[in-house]
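Undergrad: Below is a structure I'd like to ask you about.
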Amino acid sequence: MTKALLIAAFSVAISCAHAQCDVLSDDCAKAMGKQFIVDPNFFQAELNPKDEASFRAVWLKGNTYRLNVCSADGSACAVMVYDEEGTLLYDNQQFEQAQTWDFFAESTMQVSIAIRLHEQSKAKSCVSAITAFKK
C-alpha cells in the first residue's frame with residue numbers, strides 16, 4: 001500500500017512539473033508579438049544549476065527568426081546559438097543576457113541552441129525556448 005502511494009505521489013509530482021513547463025512555454029510564446037509566427041515545437045527542459053540543454057532547429061534562407069528564452073524562476077538564462085559547423089552566432093552574455101534575439105538567415109542553416117540557468121541559480125528550474133519567424 002505504501003509503495004502504491006509513493007508511486008502515485010511521484011506520478012503527480014512529475015505531471016505538475018510538466019504542466020508548469022507547458023504554462024511557461026505558452027507564456028513565452030505569447031511574448032513573441034503579433035508580427036511573428038511561432039513554431040509550435042516548443043523546447044522545454046527542467047535544468048539543475050550548471051546543467052545545459054540543447055536543441056536543433058532549421059532556419060530557412062530569407063527569413064527573420066526570433067528566439068525567446070524564459071525560465072520558471074524568472075531569472076536570465078545563458079543562451080548560445082551555433083551554426084552547423086559549431087561557429088558561435090550568438091551569445092546573450094555579450095548582450096546583457098537578453099532573452100530575445102532576432103536573426104536574419106542569409107542561407108538555410110541548421111542551428112544548435114544551448115541553454116543554461118543563470119550562473120547564480122541555486123535550484124532546479126524549467127526553461128523554455130521558443131522560435132518564430134517574421135510574417
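Undergrad: Look at Gln93 and say whether it is within 17 Å of the chain's Cα centre (by Cα) and at positive phi.
TA: Taking the combined requirement at face value, the residue does not satisfy it.
Undergrad: Now a separate question. Give just the number: which of (1) surrounded by fewer than 16 Cβ atoms within 10 Å (Cβ to Cβ); (2) in contact with a helix residue (DSSP H, G or I) (Cβ under 7 Å, 6 or more places away or on another chain); (3) touching a residue at least 40 places away in the same chain (Cβ under 8 Å); (4) small (Gly, Ala, Ser) does Ala98 not satisfy?
TA: Tallying (1) surrounded by fewer than 16 Cβ atoms within 10 Å (Cβ to Cβ); (2) in contact with a helix residue (DSSP H, G or I) (Cβ under 7 Å, 6 or more places away or on another chain); (3) touching a residue at least 40 places away in the same chain (Cβ under 8 Å); (4) small (Gly, Ala, Ser), Ala98 fails exactly one: (3).
Undergrad: Please identify the pairs in which a residue from region 67-80 that is under 11 Å from Cys21 (Cα atoms) has its Cβ atom under 8 Å from the Cβ atom of a residue that is among the charged types (D, E, K, R) and surrounded by fewer than 22 Cβ atoms within 10 Å (Cβ to Cβ), counting only partners at least 6 apart or on another chain.
TA: Cys70/Asp27
Undergrad: Continuing with this model, one more query. I need the full set of residues from region 19-40 which are β-branched (Val, Ile, Thr), more than 11 Å from Ala72 (Cβ to Cβ) and loosely packed, with under 15 Cβ neighbours inside 10 Å, in order please.
TA: Ile37 - this is the single residue of region 19-40 that is β-branched (Val, Ile, Thr), more than 11 Å from Ala72 (Cβ to Cβ) and loosely packed, with under 15 Cβ neighbours inside 10 Å.
Undergrad: Continuing with the same structure: Could you please give the count of residues in region 101-135 that are of a type in the set (S, T, N, Q), surrounded by fewer than 17 Cβ atoms within 10 Å (Cβ to Cβ) and within 21 Å of Arg56 (Cβ to Cβ)?
TA: Number of matching residues: 4.
Undergrad: Suppose we keep only residues that are among the polar types (S, T, N, Q) and within 21 Å of Asp51 (Cα to Cα) within region 101-135. Which one would you say is nearest to the chain's Cα centre (by Cα)?
TA: Step by step, filter region 101-135, then rank; the result is Ser128.
Undergrad: Here's something else I'd like to know. May I ask you to list pairs of residues, at least six apart or on different chains, whose Cβ atoms are under 8 Å apart, with the first in region 34-58 being farther than 23 Å from Met109 by Cβ and the second being crowded, with 17+ Cβ neighbours inside 10 Å and of a type in the set (D, E, K, R)?
TA: Leu47/Arg116; Lys50/Arg116; Asp51/Arg116
Undergrad: Residue by residue through region 18-51, note down the ones that are touching a Ser or Thr at 6+ places or on another chain (Cβ under 7 Å), of a type in the set (A, V, I, L, M) and at pLDDT 85 or above.
TA: Leu47
Undergrad: Can you tell me which of (1) loosely packed, with under 15 Cβ neighbours inside 10 Å; (2) modelled with pLDDT under 95 is the one Asp83 doesn't meet?
TA: (2)
The values are calculated or read from the model by the stated rules, or taken from the named source; none is laboratory data. Not measured: the values here are computed from a predicted model. Cβ: placed from backbone, ideal geometry, glycine included. Neighbour counts: every protein chain shown.
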